[in-house]
Amino acid sequence: MQLKLRFFWFLMFVAMGTVPAVAQFEVSPDHFDEDSSNSRKVADARPLEGLKQQIAEQKALLASYQEQIQRKTAVMHRARYDVGSPADGADNAAARENFLRQQRELRGLRQVLAKPIHDARVALIGLERKQDALRQVAQRRRASPGVATTVASAK
């Protein structure tokens, strides 16, 4: 008896999960009878705009990583300059210790940021390839609009 009850509740759960999908299909089906070139241009532009935004975000992320490394490098170079400047022995030892600490921190920062930089570069390359592919598809559609409408009407 308990197995039948569980099966009943499982069926009810599945049925209730499909109701929104069926309702959405009835309200706003994915297919339309009209096929205007204007709607095709808008559809072509949307993915490109999204990709442009993602590419800009990845470039900004890479730039922030590079900026962090450049700032730390500048701090290390200032510390190196302080070691070379003439001063008494105690100050020179402190400057040398500061330089070595800055050098370790720079090395650590580069190690920490190596994977995020690599990942951001890989993501950027992938996004740029997608963007190029979408542009080529859009150019082909613009070059031969008859083929696109034939393919769309065949579906």
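The set of residues in the stretch 46-79 being open to solvent by less than 40 Å² (accessible area, probe 1.4 Å), within 14 Å of the chain's Cα centre (by Cα) and aliphatic (A, V, I, L, M) consists of 48, 51, 55, 62. Within the stretch 111-145, being open to solvent by 60 Å² or more (accessible area, probe 1.4 Å), more than 16 Å from residue 56 (Cα to Cα) and without any contact (Cβ under 8 Å) to a residue 12 or more places away in the chain holds for 111, 112, 115, 118, 136, 139, 140, 142, 143.
The values are calculated or read from the model by the stated rules, or taken from the named source; none is laboratory data. Note that the coordinates shown come from a computational prediction; the quantities given were computed from them, not determined experimentally. Reconstructed Cβ throughout: ideal geometry from the backbone, glycine too, with neighbour counts over all protein chains shown. Only protein heavy atoms, including side chains, enter the accessible area calculation; ligands, DNA and RNA are left aside. Shrake-Rupley method; radii C 1.70, N 1.55, O 1.52, S 1.80 Å.
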